[in-house]
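Asker: Quick one: this structure, given as structure tokens, is what I'll be asking you about.
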Amino acid sequence: MGLDEELALQLQQGDEAALETLVRRYHGPIHAYVVRMGGEYHAASDITQEVFIKLCRNIRHYRAGLPFRPWLYTIASNTYKDYLRKAYVKKDVLGAETGEVAAITETPETAFLEAAERRMVLEALQRLGEIYREVLILRYYQDLKLEEIALAVQIPVGTVKSRLSGALRQLKQLLAEGESIHVNSVHR
């Protein structure tokens with residue numbers, strides 16, 4: 001049993017220090033996940049707060065022996081989807097990246113190019129279907145294993161692999177289209 005699982009069991013027993021540790025460990029990653037899924041920065045903060053409220057309300061349903069991280073991301077995924085349903089929000093473009101330390105670049109030109117590339121990827125991510133975007137973000141931005149994604153999204157591992165493959169194929173196509181649009185606009 002890992003540290004997160006032990007903390008979850010301690011939280012079930014009412015240990016507030018366990019809650020503080022879990023919030024400290026997962027607040028940034030959950031917030032970044034919600035932002036990347038398409039949540040505006042301030043709405044993502046509200047959704048993240050709601051995730052931890054739901055964690056407290058539902059910790060009694062956590063079963064010992066199950067991995068904690070996918071269980072928490074299931075709560076985050078469902079909370080985000082609830083938010084979309086309640087607010088009738090249509091996602092357009094991701095906001096600025098949060099919770100990440102910008103890499104030190106050697107020149108202003110490379111910094112500009114890296115920022116432009118990051119924007120292009122985030123915009124392409126927003127154009128993916130939600131089922132593809134979700135598995136891609138959980139795998140590559142949140143670093144969940146395929147089995148953890150399957151638990152979090154409540155689908156078979158084979159479906160995760162299929163969606164991930166489709167997401168990468170679509171993302172590659174969208175990035176190629178975006179680059180061609182970018183190159184054409186620069187040459188005008």
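We did not get these values from a lab; they are worked out from the coordinates using the rules stated. Given the structure is predicted, the values throughout are model-derived calculations rather than measurements.
Asker: Among the listed pairs Lys54/Lys172; Lys81/Lys145; Lys81/Lys161, which have their C-alpha atoms separated by more than 24 angstrom in this model?
Answerer: Working: Lys54/Lys172 36 Å; Lys81/Lys145 22 Å; Lys81/Lys161 22 Å.
Check vs 24 Å cut-off fails for Lys54/Lys172.
Asker: Moving on to the next point. Let me check against my output: what whole-number percent is the relative contact order of the stretch 1-91, with C-alpha pairs under 8 Å and at least 6 apart? Before the final figure, lay out the partial values.
Answerer: Values: 58 pairs, mean separation 30.7, N = 91.
About 34 percent, as a whole number.
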